[in-house]
Every structure is written in C-alpha cells, then in structure tokens.
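What follows is a short report on a single structure.
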Amino acid sequence: MMPFSTFFASRYSSTAMLVFALLSATAPLTLNAQPAENPVLPKTAADWRHAAIIDIDAAYQLSMENHPGVYDTANPDFLKNLQAAKASGLALAVRVEDAAGYVAATQGFNVRIHDGHAGMSHNLDVSQLPAERWPGFITVWRGDALYVYAAEMGGPSVGAEVLACDGKPIKQIISTNVFGFQGRSDEAGHWWVRAPRVFLDRGNPFLALPRRCQFSLNGKSSQHSLVWKALSEQASKWRTESYNGEQLEVGMSEPRKKILWLAMPTFAPDEKQREAYRLMLKGLAEHRKNFLEADAVVIDLRQNQGGSSEWSQLFAEALWGKGRVDRRVAAYGAKTEVWWRASLGNTDYVAGLVEVLTQQKQIEGAQWARIQSEGMQAALARGDKFFVEAEQKALKQSTQEANADVFGDPPAFKVPLYVIVPGQCASACLDAIDVFSLFSNTKLIGAPSSADSTYMDVRTQRLASGLADVIIPNKVYVNRPRKNGQVYLPAIYVKDLQWSNANLLKAVEADLMQTKLQTKQQKNQ
C-alpha cells in the first residue's frame, strides 16, 4: 500500500494520515475470495501458455474496470498504453512454454503500461524459476555509461566501460533486454538501478543474452567472451554493494568536525530503528545550535525505498521549525485533489476497509474511511467515474507568503543541507525530497531518483489461476506538484564506482570548498 504523502498531511486530517500510515505498515487489503496460497502449477508447455493468455487478458479487464488511469483526463496515454500492453503481453503469451516464459510475458505486459502502479505481479517462488546466472562480473551505471564494478579473476578490469556486445551498443541491449521487460527507460533513476541487470539472467526466453563484449579502460580496448553460470555468493554480495553503496545504520555521526551526517536508510523502520530515529530527533532538538553552526548537514538516503513520510516531516520540522515547514507544505499542495475511482470493486474494497478498521478499534480511521466509502457508493449509484474527496478548509497563501518568516519561528536554519539520493528513491523517499527541497539551502547529491505514479492506495486482486495478482490503485492525485513519472535530478552527480562514505564526504567537501571560493570571488568583485 502507499505511504502517505507529506504535503497532503497539511490538507487532510490527522485521521487520514493515520489511515495512510496504517496501510503503509500492512499488506494490501484483499477482500475477494482468494485461491490457495500455493497455486497448482501448470504441468505442460500448453498449460503454461494457456495460463499466460488467460491471466494477461484478465489483468487487462480488471484494470479497465477499476484503474483510475483509464478515465484520467490528465493522462490520456494511460488507456492507450494499457491497450497496447494487452497486445504486447498476449503476443508473448502465445510463445510461453514454462514458468520463466509466463513471468516474462507478464513483465512484458506491465512494462508497456508504463506506470509503476499498474499491471500484475506473479506469485511464483524463486525455487519454481530458473536459477539466476551471471557472466562473472557485476556492473554499475554511472551517469551515462555502464562500468565494471567487480569481476572474478580473468574477467574484464574493474572500472572498465562496457561499450558493446555482439556488435550492438550496450545501451541498445539494455533498452531491449532490461527495459523491454522491467522499469521505465525515460526515468533517469531506473538506469542507475536497473541497467546493470543486463548481465543478470533469470531464464527469460524472449531475449538473447550477450555472448562477447567490448570494454575500454584508459583508452585501451579489450574483448571478453562471456560464460554464464549460477550466481555465486560473492556475486550476490557485490551486487548488493553496487546497488546500495556502503550501508549505515539509522543514526547521527560527525565524519569530520562540523559536518553532521544523518543516516536514514529506511522510512519503514523496525522498533530498533524507530528508537534510533527518536534518539536522533531528541539530539537535534537538544543541540539544534550545533546544526545552525555546522559547515554542512548531510541527510543520507542510501538504501531508502520509502515507508512513512512522517519521519522526514519530523526531521524537517526539527531543522527549519514546524511553522516554516507547515506553511511551505500547505502552499506546495494547495491545489492537489484526491479522486477516488468509484468502480464496484474499489467501492467494495473501501467499504471493507471500514469494517477492518472498526474491528481494529481504529475509530477515527474507520470514520474517515466511511466518509470515502459513502462518497464512492453515491458516485457509483450516479454512474460517476470518480468521487472527489472533500478537502479541509485551509488558509490560502502564496509561495512568497508561505516562505516568509513569522513571529514565533525559531532561528533560521541556513546551513548547506546535502541530501544523498539513490536511484531507487521512490514513494516516501521522494516525499522527503519534496519537503527538503522547499528550502533554498537544500542541495541534492548522488543519482537521479526514481519516480512515483499519481495512482495510489493500491489493492491487489488474485487471479483465478493463483499465479499472479493484479495491481489496482483506488485513487488518483489530481494537480499534484510532482507529476506522474517526474524524477529529481541531483545538483551534484556522484559517479564513483564505490558509493562509499568517504567518496560521498569528498563530494560534499569539494562543493563546500567551491562555494566558499565563489563567495570570496563575489566579495572581491
């Protein structure tokens, strides 16, 4: 389920925020009768083919009936993409012969929809699919090219750029073999996260694996024939390191005097991490003067893939002051509306949510859900496609008015704030950047982010085969400032192979030095 978005917190009640937080922490609510948890697997190639055809067609029909994108006038391409996805998925489905083919066909369906909150997710266990393979080296995408991150003895040199394979530019192969089945090639962050998967194989029968590749390092070219083999434990370790960079636990450190480093690797913390966040907030409140006098503050979002945006909101309030944050957030999301897709399936889902929250004695949450449920039922009875959620009355302010200090604000936090952004940053991780970026002393560093859909509050519906679930958002955010598919680009790209603490600190210090020199030059002019 979706994490609640920070800037809506100022427009909608604390009750809605509570419900969103609850949904973030639990599995998607499924109200329809479900097939067994362990579906009966097709036995023959013909059975797998039949299952793929039936399931893709069913996913299309359920999406047509329930997905808000079908009637989203702000996104007319959604319906076209969904229709093209059906044709693309079925074209693959008729060639399916096994479990790997079934998965690849559903992925082909998903990718053509071009939205992260649409399509279907398979329920096959890893043991039911071919073992993952690699060619003896792991790669990373750094800005505009693919590089060797680590390799076994006899493999290509670490740091070498991958130029081409089998006579085709590597970017062309990535576009076909990776983005033809997962991710979105027009989102810059997905290149950082997904492009390296061109050298990982899960048995997709619809693509040709690279066999011989050309590399370049320090002006010297080399070629290597690839031998694909089972992914080793060392390969898995390298892949994790390359993807996430060096990992820090939730907490605060001072890697050098007057640079304060706040590690936030998750916004879906367990109890130990929640306690660490509370200690950080306590330390910030008690020693805020140290932050106001620091050379820089760094918020490290490596590994962060979302959760609840309450945490970033709390840290923003602690740094800049609650009033400053509230005013800016309210102005930022002032024009945003929430439209619930009033289909029969979605309306039943929200009605079921009322029942669940009531049973859990979440009285305020149940009342909030009941209001949405009744609105959706009325819209459905009228034949309306959407129920528009009533917004709370709020003081309307211009951006200039919202940014102005008022009596009672704490001393201003003007120290450079660097936010380390990983390519997989999405959901509540993006919500954090939304809020931090409302202040002019924030600078993004690292990689381009991923992007969010505007279709939220996701439920899933199990298909009759039990092999897959259909992804069905219940609502769409209309006039959200950050558009569907919009990414954040860093002011400072970090293209080092190793996203180590030392390399990131070096990038921060280099920017501080450059800023200091520029300031000095301006004073001397």
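The values are calculated or read from the model by the stated rules, or taken from the named source; none is laboratory data. Note that this is a predicted model, so its numbers are computed, not measured. Every residue, glycine as well, gets a Cβ built from its backbone with ideal geometry; the counts of neighbours run over all protein chains shown. SASA here: full protein model, heavy atoms, side chains in, ligands and nucleic acids out. Shrake-Rupley method; radii C 1.70, N 1.55, O 1.52, S 1.80 Å.
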The stretch 438-507 - percent of accessible surface contributed by carbon and sulfur, probe 1.4 Å: 53 percent
Reciprocal mean inverse distance between Cα atoms of the stretch 134-217 - Kirkwood radius, Å: 12.9 Å
Mean residue ellipticity (222 nm) of the chain, computed from DSSP H runs ≥ 4 via -39,500 (n - 2.57), nearest 500: -12500 deg cm²/dmol
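Would you work out what percent of the accessible area of the stretch 168-251, with all protein chains in place, is carbon or sulfur (probe 1.4 Å)?
Working: 2030 of 4350 Å².
Whole-percent figure for carbon plus sulfur exposure: 47.
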Low-density loop positions, trypsin sites (Lys or Arg not before Pro), the stretch 254-285 - DSSP coil, at most 15 other Cβ in 10 Å: Lys257, Lys258
Set Lys289/Lys322; Lys443/Lys516; Lys258/Lys414; Lys385/Lys475; Lys237/Lys272; Lys237/Lys443 screened for pairs whose C-alpha atoms are more than 19 Å apart: Lys237/Lys272; Lys237/Lys443
Neighbour net charge for Lys43 - beta-carbon separation under 15 angstrom, K R +1, D E -1: -2
Potential extension, Met64-Thr358 segment - 0.36 nm per residue separation minus Cα distance: 102.8 nm
Debye intensity ratio in log₁₀ form over the Cα atoms of the stretch 77-164, taken at each q of 0.13, 0.19 Å⁻¹: -0.68, -0.91
Cα gyration tensor shape for the chain, rounded if a/c is under 1.5, else prolate or oblate: oblate
Å² of accessible area per residue within the stretch 281-411, as computed with a 1.4 Å probe and no ligands counted: 49 Å²
Compactness of the stretch 108-267 - radius of gyration and Dmax, Cα, Å: 17.7, 55
Whole-angstrom gap from the stretch 425-499 to the stretch 304-328, using each part's C-alpha centre: 17 Å
Local electrostatic count at Leu463 - Lys and Arg +1, Asp and Glu -1, tallied over other residues with Cβ under 9 Å: -1
Spin-label pair Ser157/Ala87, simplified geometry with 7 Å Cα→Cβ offset, distance in nm: 4.8 nm
Solvent-accessible area per residue, Å², over the stretch 76-228 with all protein chains present [probe radius 1.4 Å]: 43 Å²
Label point distance in nm, Arg278-Lys229, each placed 7 Å from Cα along Cα→Cβ: 5.0 nm
For the stretch 45-95: rounded, prolate or oblate by the Cα gyration tensor [a/c cutoff 1.5]: oblate
Tyr493-Met252 pseudo-label distance in nm [points 7 Å out on the Cα-to-Cβ vector]: 3.4 nm
